[in-house]
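The values are calculated or read from the model by the stated rules, or taken from the named source; none is laboratory data. In this text the structure is predicted, and so the values were computed from the model without any measurement. Cβ atoms come from the backbone with ideal geometry, glycine included; neighbour counts cover every protein chain shown. Surface areas here come from the heavy atoms of the whole protein model, side chains and all, with no ligands, DNA or RNA. Shrake-Rupley method; radii C 1.70, N 1.55, O 1.52, S 1.80 Å.
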Amino acid sequence: MRLTLLIISILTTSFLSFSQTQSPKEFLGYELGSKFSRHHQVISYFEYVARQNPKQVKLIPYGQTNEGRPLMIAVIGSEEKMTQIDDIRQNNLKSIGVLAGQATGKQPAIVWLSYNVHGNEPTSSEASLQVLYDLIDSKNALSKQVLSNCIVILDPCINPDGRDRYVNWYNQKLGGIPDANPSATEHYEPWPQGRYNHYCFDLNRDWAWQVQVESQQRIPLYNQWMPHIHVDFHEQGYNSPYYFAPASKPFHEEITTWQKDFQTTIGKYNAKRFDANNWLYVTKERFDLFYPSYGDTYPTYNGAIGMTYEQGGIRAGLAMKLSDGDTLTLKQRVSHHVSTSWGTMEAATENADKITTEFVKFFDKAKNNPSSPYKSYVFKSKGNESKLRLFTEYLDKNSFNYGVAGKEMLANGYSFLDEKNVGFKIEAEDVVVNMYQPRSTLLRILLEPKSMLEDSATYDITAWSLPYAYGLNAFGVKDRINPVAKAVVNQTVTTIDKPYAYLVRWGSFTDVKFLSALLKKGIKVRSTEKSFDIENQTYHPGTLVITRTGNEKLGVKFDEIVKETAQKLQVSLTPITSGLVSKGGDLGSESIFHIEAPKIAILGGEGTASTNFGELWHFFDKQIEYPVTVLGTEYFNNVELKNYNTLIIPNGSFSKTLGDKGVENIRTFVKNGGKLILMQGAVEYFSGKTDFDITHKEEKKDEKKENITRFEDREREAISEDTPGSIYKISMDNSHPLGFGYDKTFFGLILEVSDYKSLKSGWNVGTIKENGLVAGFAGKNAQEKLKNSLIFGTQELGKGQVIYLVCNPLFRGFWQNGKLLFGNAVFMN
């Protein structure tokens with residue numbers, strides 16, 4: 001009797017709790033899909049539901065955005081499971097070996113649904129409100145079934161800043177009745193659009209790299225849960241039907257048969273729901289599983305069933321007339337995302353045991369029998385300490401295991417720099433990563449020199465190998481090498497009191513940050529154009545020379561600032577007692593030049609590529625914390641450029657924004673002593689203009705060939721002219737300031753085809769020679785065009801200079817070795 005009364009009491013309490021919970025419509029005061037909810041309204045509803053249902057819903061804040069908006073997830077489960085929720089989380093981690101201890105008991109499937117990663121794809125955040133409400137509905141039979149076998153995690157909005165940028169703009173443009181005409185102003189979002197976060201980064205390309213604060217805070221939380229299923233909700237062009245998994249080719253070869261098959265299984269659950277409503281949909285088209293930094297691939301390479309769902313709706317607002325004459329509404333879009341959320345959860349609950357079993361198998365194989373052809377990677381330490389420190393920080397951030405060799409040994413392996421198998425010596429301090437660890441699948445994909453591409457028609461870049469991205473001297477070894485201890489890469493400690501000067505070798509992004517910090521603090525810094533020897537050490541071009549002379553006004557603060565800054569950034573600082581060198585020019589030589597603190601302006605606004613502008617802005621504002629001024633294209637032609645000595649123009653299309661007047665103003669700025677840095681599309685815009693020496697190679701006059709391409713093959717034929725993102729070997733003139741700190745080769749990420757010829761009146765610092773392709777896909781015709789083409793160059797113009805960066809060295813903020821080159825462009829030239 002007591003047991004019966006207890007059960008009745010619990011059921012009554014649960015029912016009353018839900019019956020007192022307002023629906024989204026009741027809470028917000030409007031029906032979902034009738035207007036866009038601002039981010040604070042979405043969060044407020046989640047907080048409200050959690051307060052009303054504390055035994056079933058737990059909110060976990062995980063940080064805030066650049067603009068201060070909260071980031072959070074909701075964990076939902078049955079009352080019984082929520083009393084054990086941390087045990088369930090830890091048990092999952094123990095079962096796959098990423099947490100010490102033995103897993104016990106039955107593990108529920110963990111389903112993580114991520115909404116609204118692109119701010120101007122706002123429908124899914126609206127859908128998350130309905131999904132949350134339905135999940136805690138005690139009368140919902142499917143909800144009860146799901147929560148009996150699963151833990152559900154909802155992230156209602158990955159990109160709050162981008163969402164509110166779009167929603168606030170749209171609400172300002174909206175009249176009393178939505179205008180479905182595609183030409184209406186409410187469907188033309190201004191620059192930089194809400195897709196991106198505050199710094200104009202695409203957060204759906206940042207999962208693996210974690211450059212942005214949202215990713216830096218979300219990924220550690222994700223790895224604390226390691227869900228079995230993850231869905232990333234999106235929108236695409238408004239005329240497109242709904243897309244859900246299974247994905248299209250190419251698949252990375254590490255994706256298991258089970259992962260592919262269960263995508264198909266989930267697709268059938270979703271198809272059943274769409275068929276019942278006569279909704280159009282597609283599968284196996286366009287959205288592949290290759291590039292590792294997406295919201296579907298990052299989870300997939302971490303053992304999950306990772307999927308992207310795409311609802312037609314970009315630019316659609318509340319209503320949009322489609323090409324077939326129908327009108328697509330926000331309400332319809334919301335219902336579609338709600339439907340696939342539930343289709344996914346239904347598939348999970350009915351296959352929970354199989355899902356968890358296969359998940360454990362995935363990690364068992366990674367630990368005990370990794371499929372990587374290279375069972376170990378060796379990273380040379382000597383001369384690479386600063387770059388290696390950045391790399392090991394990345395490994396730490398992602399909980400990858402590594403250590404040092406601990407002893408000398410001889411080995412054979414694939415040399416990333418030589419692009420072939422060689423014999424080499426492993427030193428005791430070299431960093432070693434072996435693949436016998438739980439998350440080696442992802443690790444292999446990030447490190448391997450070349451990822452096998454089964455289909456060249458892919459959605460994103462096709463190469464990203466981290467040894468190249470970090471500029472490391474690395475080797476892939478087919479044998480297992482067990483590191484003996486965790487690597488500790490320390491900086492040199494200075495001991496001389498009041499030295500004549502301090503020397504810092506120039507060779508990594510950390511050195512750029514160090515220089516930037518000193519210049520901001522008023523320290524006068526010099527550098528050398530030529531190598532010199534002093535105290536039995538050779539210092540190469542680019543070495544920073546920080547003399548007491550010129551900094552006398554700072555008194556004792558001079559040494560304090562230099563030492564403290566070096567300590568903070570872990571920069572090796574060498575004090576010297578004399579300016580007399582044993583070889584080369586003394587420290588008073590003409591080869592030692594003063595580095596002027598640049599006054600920098602960056603062009604932004606309509607016409608500039610949002611993401612490249614964002615890469616620049618984030619580089620200065622967050623990465624090196626150096627002040628810059630952003631000038632808008634809409635008023636640029638009225639700006640007094642004499643207030644700056646450096647102007648950076650990012651990728652973009654400028655015919656409608658700069659015009660002849662803008663070009664003339666820029667030309668005058670350079671001739672009067674300014675520095676102009678042009679990137680990608682900006683190089684193209686100035687190509688061939690008066691006084692600018694950069695031009696294209698002459699096209700070969702081939703005989704016209706008969707067009708025999710089949711219509712169905714048109715897309716595949718077009719990619720022969722393209723390179724969607726491949727690693728190329730660029731020959732560098734490292735005696736030029738733009739090449740300081742590099743060897744004679746720079747491995748760069750080439751994102752588009754270019755065919756610029758060598759500069760006649762300037763310096764050709766970086767060029768692609770014959771056989772430059774290292775990794776990734778580049779079409780046959782694209783490879784031919786890129787041969788013997790200029791990638792980095794400089795030109796004197798009047799009293800100033802122009803720097804051409806055809807390749808973007810700051811791409812997505814993860815190509816660490818390119819940041820030194822960009823630092824050269826800004827500070828060394």
* Do we have any residue at all in the range 685-695 that's charged (D, E, K, R), under 26 Å from ASP202 (Cβ atoms) and open to solvent by 20 Å² or more (accessible area, probe 1.4 Å)? -> no
* **Answer from SER531, SER578, SER582 - the residue that is in contact (Cβ under 8 Å) with a residue 60 or more places away in the chain and not β-branched (Val, Ile, Thr)** => SER578
* Could you name every one of the strands (runs of 3 or more DSSP E) located completely within the range 367-426 that has at least 3 residues being farther than 30 Å from GLN217 by Cα? => 409-415, 420-426
* Determine if the range 159-176 includes at least one residue that is assigned to a loop (DSSP other than H, G, I, E, B), in contact with a strand residue (DSSP E or B) (Cβ under 8 Å, 6 or more places away or on another chain) and surrounded by 16 or more Cβ atoms within 10 Å (Cβ to Cβ). => no
* Under the condition of being open to solvent by less than 10 Å² (accessible area, probe 1.4 Å) and small (Gly, Ala, Ser), which residue from the range 430-479 is nearest to GLY772 (Cα to Cα)? -> ALA463
* To do: Could you figure out which of (1) surrounded by fewer than 18 Cβ atoms within 10 Å (Cβ to Cβ); (2) among the aliphatic types (A, V, I, L, M); (3) within 24 Å of ASN808 (Cβ to Cβ) isn't true of LEU580?
  => (3)
* To do: Considering every residue within the range 184-204, establish whether at least one is touching a residue at least 40 places away in the same chain (Cβ under 8 Å), buried (at least 24 other Cβ atoms within 10 Å of the Cβ) and more than 31 Å from the chain's Cα centre (by Cα).
  => no
* **Filtered residues of the range 376-426 (kept if hydrophobic (A, V, I, L, M, F, W, C) and either out of contact with any helix residue (DSSP H, G or I) (no Cβ under 9 Å at 6 or more places or on another chain) or open to solvent by 20 Å² or more (accessible area, probe 1.4 Å) (or both))** => VAL378, LEU388, LEU390, VAL404, ALA405, MET409, LEU410, ALA411, LEU417, VAL422, PHE424, ILE426
* Hits in the range 457-487 (condition: of a type outside the set (A, V, I, L, M), in contact with a helix residue (DSSP H, G or I) (Cβ under 6 Å, 6 or more places away or on another chain) and under 30 Å from GLU285 (Cα atoms)) -> none
* Structure fact -> Within the range 484-509, the count of residues that are at pLDDT 95 or above and open to solvent by 10 Å² or more (accessible area, probe 1.4 Å) comes to 5
* Restricting attention to the range 14-48, and to residues there that are at pLDDT below 95 and open to solvent by 70 Å² or more (accessible area, probe 1.4 Å), which single residue is nearest to CYS157 (Cα to Cα)? -> GLN20
* Return the only residue of GLY101, GLY119 being farther than 18 Å from PRO227 by Cβ and open to solvent by 40 Å² or more (accessible area, probe 1.4 Å). => GLY101
* **Selection from the range 592-631 of residues that are in a strand (DSSP E or B) and not aliphatic (A, V, I, L, M)** => PHE593, HIS594, GLY604, THR608, THR629
* Mind checking which residues of the range 212-252 are touching a His at 6+ places or on another chain (Cβ under 9 Å), under 30 Å from ASP86 (Cβ atoms) and not in a helix (DSSP H, G or I)? -> GLN212, PHE233
* Structure fact -> Note on the range 511-528: residues under 34 Å from the mean Cα position of the chain (by Cα) and over 13 Å from THR543 (Cα atoms) are LYS513, SER516, ALA517, LEU518, LEU519, LYS520, LYS521, GLY522, ILE523
* Asked: Does the range 218-241 contain any residue that is under 26 Å from LYS450 (Cβ atoms) and either surrounded by fewer than 19 Cβ atoms within 10 Å (Cβ to Cβ) or small (Gly, Ala, Ser) (or both)?
  -> no
* **Pairs, first more than 14 Å from ALA109 (Cα to Cα) and at pLDDT 95 or above in the range 77-88, second surrounded by fewer than 19 Cβ atoms within 10 Å (Cβ to Cβ) and of a type in the set (Lys, Arg), C-beta under 6 Å, six or more apart** => GLU79/LYS55
